[in-house]
Amino acid sequence: NKQVIFKNFVEGFPKESDMEVKTSSISLKVEEGSNAVVVKNLYLSCDPYMRIRMTQSDQETDDPEFIPFTPGSPLEGFGVAKVVDSGHPNYKKGDLIWGMVKWEEYSLIENPQLFKIHHADVPLSHYTGILGMPGITAWAGFYEVCSPKKGEKVYISAASGAVGQLVGQFAKLMGCYVVGSAGSKEKVDLLKNKFGFDDAFNYKEEHDLDAALKRCFPEGIDIYFENVGGKILDAVLLNMRLRGRIAACGMISQYNLHQPEGVHNLMNIVGKRIRMEGLMAFDYFPQYEKFLDAVLPFVREKKVVYVEDIAEGIEGAPAALVGLFSGRNVGKQVVAVAKE
Ligand code: NDP
């Protein structure tokens, strides 16, 4: 059983050498009535929050995505898998599932809380992205937290990624004016030509982010979907409209910093009556069926497209994860571990 072991807590940017691939043995059988399952992992999801779990922390938290990894043990993350044996009444051999697994070829999961996959007519890798955790984040973050209205002006940072590409397409379906930023020409082309954004820019080539936003939004921004934080947030605050909304989904530019960057323009929140609200994907998991009813038809009818960046083989998982922080991924970063 090949495993990706988390070696030790990380400071600064994560490196491939913070993880190592090792082989151990695992029993593929569970005792009846044990409430455990053994799954064969098919796809592993690389997600930015995993960096937060690589930092040593003595802060108490109930949020599973913030509990530090255990040095010497495999990483954990969302994945798509097939049940190979089950002692749990809700799961049977052959079931396809998505949920929290360990970064290894086969995982023993005690007291599993896994979603069963009932629709396998779409690519199974989608359950790490558009039909999984990033999908529900984009859906709840946009439709619920942003309170969008037709015609509003929407800006999305890290816009070509797992979450951003969806938020932009949802906003276009609602009739909003949508602009995204990303870190390469290839990604900017995707935003404009594949995802149908009205405009897009490469933030790495803009020496003045405030000017870039004024160029794209001469009348200001109604909705900002925040994925990046730091300097981008600061420039956005100068360009928000009265009663604008900011969905604080993540701030990836801050995850590798020892000291978070200061935000200087916060006072704009007061005068412009801006509502800035954080969201956590887990809060919306109880609404998963409602989410699927809404988004699965978009996938089947190709009203929403989804770009994935699939690394082949578990050996490539450390590089794939680290690549999120240099923008190496183009679209949702997935690791393909095995075939069904
Ligand atoms: P992505 O697929 O967008 O991958 C991360 C991207 O972030 C990179 O490709 C890179 O794109 C960009 N990036 C990396 N470092 C920086 C930086 N210093 N400054 C600006 N951009 C950077 O990731 P996701 O879509 O999965 O996640 C996007 C955000 O949403 C993250 O902040 C994540 O933590 C958050 N999130 C929050 C959830 C929640 O429950 N609250 C759930 C899921 C995600 P580029 O080339 O454009 O720079």
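The values are calculated or read from the model by the stated rules, or taken from the named source; none is laboratory data. Please read all numbers here as calculations on a predicted model, not as lab measurements. No Cβ is skipped: glycine too gets one built from the backbone with ideal geometry, and neighbour counts run over all protein chains shown.
Can you find, within segment 155-185, the residue that is nearest to the chain's Cα centre (by Cα) among those that are surrounded by fewer than 24 Cβ atoms within 10 Å (Cβ to Cβ) and within 7 Å of the ligand (Cβ to nearest atom)?
It comes out as GLY183.
Would you mention how many residues in segment 59-80 are surrounded by fewer than 21 Cβ atoms within 10 Å (Cβ to Cβ) and either among the aliphatic types (A, V, I, L, M) or outside the structural domain of PRO48 (by TED's automatic domain parsing) (or both)?
Number of matching residues: 1.
Residues of segment 318-340 being β-branched (Val, Ile, Thr), within 13 Å of the ligand (Cβ to nearest atom) and not in a strand (DSSP E or B), which ones?
Correct list: VAL322, VAL330.
More than 14 Å from the ligand (Cβ to nearest atom), surrounded by fewer than 17 Cβ atoms within 10 Å (Cβ to Cβ) and at pLDDT 95 or above, is that true of ASN193?
yes
Out of (1) under 14 Å from LYS332 (Cβ atoms); (2) not assigned by TED's automatic domain parsing to the domain that holds PHE13, what's the single condition that is false for PRO148?
The single condition PRO148 does not satisfy is (1).
Check off (1) at pLDDT below 95; (2) out of contact with any strand residue (DSSP E or B) (no Cβ under 9 Å at 6 or more places or on another chain) for ARG51 and give me the number that stays unchecked.
ARG51 satisfies every listed condition except (1).
Quick one: count up the residues across segment 244-273 that are assigned to a loop (DSSP other than H, G, I, E, B) and either over 27 Å from ASP18 (Cβ atoms) or touching a Ser or Thr at 6+ places or on another chain (Cβ under 8 Å) (or both).
Residues in segment 244-273 being assigned to a loop (DSSP other than H, G, I, E, B) and either over 27 Å from ASP18 (Cβ atoms) or touching a Ser or Thr at 6+ places or on another chain (Cβ under 8 Å) (or both): 10 in total.
Need the failing condition index for VAL188 against (1) touching a residue at least 60 places away in the same chain (Cβ under 8 Å); (2) within 13 Å of the ligand (Cβ to nearest atom); (3) part of a helix (DSSP H, G or I); (4) buried (at least 21 other Cβ atoms within 10 Å of the Cβ), just the number.
(1)
Condition (residue is under 30 Å from LEU173 (Cβ atoms), part of a loop (DSSP other than H, G, I, E, B) and touching a residue at least 60 places away in the same chain (Cβ under 8 Å)) applied to segment 306-317: is it met by at least one residue?
The answer is yes; a qualifying residue exists.
Please pick out the residue among LEU213, LEU237 that is within 15 Å of the ligand (Cβ to nearest atom), under 24 Å from LYS272 (Cα atoms) and buried (at least 22 other Cβ atoms within 10 Å of the Cβ).
Within the list LEU213, LEU237, the selection yields LEU213.
Exactly one condition in (1) part of a loop (DSSP other than H, G, I, E, B); (2) free of Cβ contacts under 8 Å to residues at least 60 places away in the same chain is not met by TYR143; state its number.
Against the list (1) part of a loop (DSSP other than H, G, I, E, B); (2) free of Cβ contacts under 8 Å to residues at least 60 places away in the same chain, TYR143 comes up short only on (1).
Looking for whichever is assigned to a loop (DSSP other than H, G, I, E, B) and within 16 Å of the ligand (Cβ to nearest atom) here; the options are ILE136, ILE130. Which one fits?
ILE130
So the check is Cβ under 6 Å with 6+ separation or different chains; which pairs have a first residue in segment 252-276 that's on the phi > 0 side of the Ramachandran plot and in contact (Cβ under 8 Å) with a residue 60 or more places away in the chain and a second one that's away from the ligand (no atom under 16 Å from the Cβ) and part of a loop (DSSP other than H, G, I, E, B)?
Filtered contacts from segment 252-276: no entries.
Which residues, counting only those in segment 55-96, are part of a strand (DSSP E or B), over 16 Å from ILE26 (Cβ atoms) and hydrophobic (A, V, I, L, M, F, W, C)?
Result: PHE78, VAL80, LEU96.
Considering GLU312, GLU308, which residue is surrounded by 17 or more Cβ atoms within 10 Å (Cβ to Cβ) and among the acidic types (Asp, Glu)?
Only one candidate qualifies: GLU308.
Scan (1) charged (D, E, K, R); (2) closer than 25 Å to ASN41 by Cβ; (3) out of contact with any strand residue (DSSP E or B) (no Cβ under 8 Å at 6 or more places or on another chain) for the single condition ASP95 breaks and write down its number.
The failed condition is (3).
For segment 218-228, which residues satisfy the criterion of being buried (at least 21 other Cβ atoms within 10 Å of the Cβ) and closer than 21 Å to ASN202 by Cβ?
Those that are buried (at least 21 other Cβ atoms within 10 Å of the Cβ) and closer than 21 Å to ASN202 by Cβ: ILE221, TYR224, PHE225, GLU226, ASN227, VAL228.
Keeping to segment 126-154, report how many residues are over 30 Å from ALA336 (Cα atoms), buried (at least 23 other Cβ atoms within 10 Å of the Cβ) and among the aliphatic types (A, V, I, L, M).
Residues in segment 126-154 being over 30 Å from ALA336 (Cα atoms), buried (at least 23 other Cβ atoms within 10 Å of the Cβ) and among the aliphatic types (A, V, I, L, M): 1 in total.
Can you tell me which residue in segment 81-123 is surrounded by the most Cβ atoms within 10 Å (Cβ to Cβ), limited to those that are under 27 Å from VAL21 (Cβ atoms) and among the β-branched types (Val, Ile, Thr)?
The selected residue is VAL101.
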